[in-house]
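No lab work stands behind these numbers, since they all come straight from the coordinates. Keep in mind that this is a model prediction, so the values were computed, not measured. Neighbour counts are summed over all protein chains in view; Cβ atoms, including those assigned to glycine, are modelled from backbone coordinates with ideal geometry.
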Ligand SMILES: [Zn+2]
C-alpha cells in the first residue's frame, strides 16, 4: 500500500513538471507567430459568369491588398461539395460572411477568418467537385486597369458527356500567327538571320506538333514568306489582316502570335509572353506558353506581361504573343535558327495550347 502511494505521488510530480514544461514550450512556439504581422487583406470580392471554351464559368475574383499571396486549395467532394481556399497571412477586411453569386454553379460562398493569420473561402458547389470543375490561380497587379493582385477561383460548368478530367482538345481549331513576313523582315540578327523566317519555321512546326500530338487543327495567318495584307499596306492594315484570319474562324479556341525579340544591346536575352490586359483566359494561355518554354531549359524567364498589341487587342478569342528569344543576341540567334531547338520550342507551345484547351 505504502509503496503504491509513493509511486502515485511521484507520477503526479512528473505530470506537473511535464505540464509546466509544455506551457513554456507552447509560449515559445506561439509567441513569435502571434506577434507576426499579417501582411495581406481581401479588399473586395467580385463574381461574374464568363464563357470559356463553350462552358459557363463562375469567376470569383478576390482583390488582394498586397501581392504576397499564399494559399492552399482543398476540397470536400462528397456530401458538402466544397472547394476550400485557405489564405495564410490574410485578413478578411470588410468582406461579408457569405455571398450568394446567383449562379446555377454555386449555392453560396462563405468567408471566415478563423485566426488573424488565416482566412478561408469556402465555395458550395451545386455540381460534383471534380479536378476539372474548378481552378484557383493568381493574376498579378495590373496598374493600367487599376487592378490589384487577385486570387481567382473559377467554378466551371460540367462538360457535356461528363467525360471529366480526360477531356481532350481533339478537333479544335487555333490560329497561329507567324510574325512579320514578305516586305517586313522583322528584326535582323547579328549573323543576318531574319525574324520573319524564324517565326515561320517555328510556327509551321507548332502546326505539325498540334496535329500530330493532340489532333488540334491550326490555321496559319501565313504559310510562306509573304505579307498577309499586301507589301504596301500600313502597319495596322497588315495587323488587321492577321486579326481577320481569326474573325473568319470565330469558333477558333485561341490565337497565338509568334515573334523573336530584339534590342540594341546584344547581350540582352530571355523569353517573354504577352496577353491583353483584361483577359483572364489570355493570362492563362500566356502563362501556359511561358511555363512550357521555360521547362525546356536554356531560356531565361523575362515573365508573362500585358500589352496592347494590335493582334491581342482586336482578336475575339483568347490570345497571346510569345517572344521566343532575342534574335539580336548571337547565342540565342544560333538557338533560334537550330532546327532541333525550333522543334522543341514548337512542341512546348503546342503542349501549352493543348493544356489551355483542356481547361488547364
Ligand atoms: Zn516581331
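Peptides 193-204, 239-250 ordered by packing proxy, namely the average of other Cβ atoms within 10 Å per residue, highest first: 193-204, 239-250.
Here the Debye sum runs over all C-alpha atoms of region 252-360 as equal scatterers in vacuum, and log10 of I(q)/I(0) at q = 0.10, 0.14, 0.19, 0.24 Å⁻¹ comes out as -0.26, -0.51, -0.92, -1.32.
Would you calculate a helix-derived [θ] at 222 nm for the chain, using -39,500 (n - 2.57) for each DSSP H run of n ≥ 4 and dividing by the full residue count, to the nearest 500?
Numbers: 7 runs with 109 residues, N = 360.
Counting only the DSSP helices, I get -10000 deg cm²/dmol.
GNM remark for the chain: springs join alpha carbons under 10 Å apart, and the peak mean-square fluctuation among 138, 234, 49 falls on 234. Shape call for region 40-156 from the C-alpha gyration tensor, a ≥ b ≥ c root eigenvalues: rounded (a/c under 1.5), prolate (a/b greater than b/c) or oblate? Since a/c reaches 1.5 but b/c is at least a/b, the shape of region 40-156 is classed as oblate.
If you take every DSSP beta bridge whose two residues both sit in region 103-235, what share of them, in percent to the nearest 5, is antiparallel? Provide the component values of the computation, followed by the final result.
Values: 17 of 21 bridges.
Around 80 percent antiparallel, to the nearest 5.
The mean sequence separation of alpha-carbon pairs under 8 Å and at least six residues apart, normalised by the residue count of the chain, gives a relative contact order of 14 percent. Would you please classify the overall shape of region 173-357 from the alpha carbon gyration tensor, given that a ≥ b ≥ c denote the square roots of the eigenvalues, rounded means a/c under 1.5, and beyond that prolate means a/b larger than b/c while oblate covers the rest? Taking the square roots of the gyration eigenvalues as a ≥ b ≥ c, region 173-357 is rounded.
Could you work out the per residue convex hull volume over the alpha carbons of the chain, in cubic angstrom?
Details: hull volume 78.2 nm³, N = 360.
Convex hull of Cα atoms, per residue: 217 Å³.
To the nearest 10 degrees, how steeply does helix 2-35 sit against the main Cα axis of the chain, on a 0 to 90 scale? In the chain, helix 2-35 runs at an angle near 30 degrees to the longest axis. Considering only 251, 236, 88, the mean-square fluctuation computed in a Gaussian network model of the chain, springs between alpha carbons under 10 angstrom, is largest for 236. For the residues 97, 238, 52, a GNM of the chain with alpha-carbon springs under 10 Å puts the largest fluctuation on 97. Could you state the angle between the C-alpha long axis of helix 235-247 and the longest principal axis of the C-alpha atoms of the chain, as a value from 0 to 90 degrees rounded to the nearest 10? Approximately 70 degrees, to the nearest 10. Expressed as a fraction of 2.2 N^0.38 Å, the C-alpha radius of gyration for region 159-281 is 1.21. If R₀ is 51 angstrom, what is the calculated FRET efficiency for the pair residue 100 and residue 249, using the beta carbon separation as r and rounding to 0.05? Calculated transfer efficiency: 0.85. Expressed to the nearest 5 percent, the antiparallel share of DSSP beta bridges inside the chain is 75 percent.
Model label points for residue 226 and residue 116, set 7 angstrom from Cα along the Cα-to-Cβ axis, are 6.9 nm apart.
Going from the residue with the fewest nearby Cβ atoms within 10 Å to the one with the most, 72, 47 rank 72, 47.
Percent antiparallel among DSSP beta bridges with both residues in region 173-357, to the nearest 5?
In region 173-357, DSSP labels about 20 percent of beta bridges as antiparallel.
With a ≥ b ≥ c taken as the square roots of the eigenvalues of the C-alpha gyration tensor of region 102-211, please select rounded if a/c is under 1.5 and otherwise prolate if a/b is larger than b/c or oblate if it is not? In terms of gyration-tensor shape, oblate.
I need to check one value: relative contact order of region 281-360, counting alpha carbon pairs closer than 8 Å and at least 6 residues apart, in percent.
Details: 62 pairs, mean separation 36.0, N = 80.
For region 281-360, the relative contact order is 45 percent.
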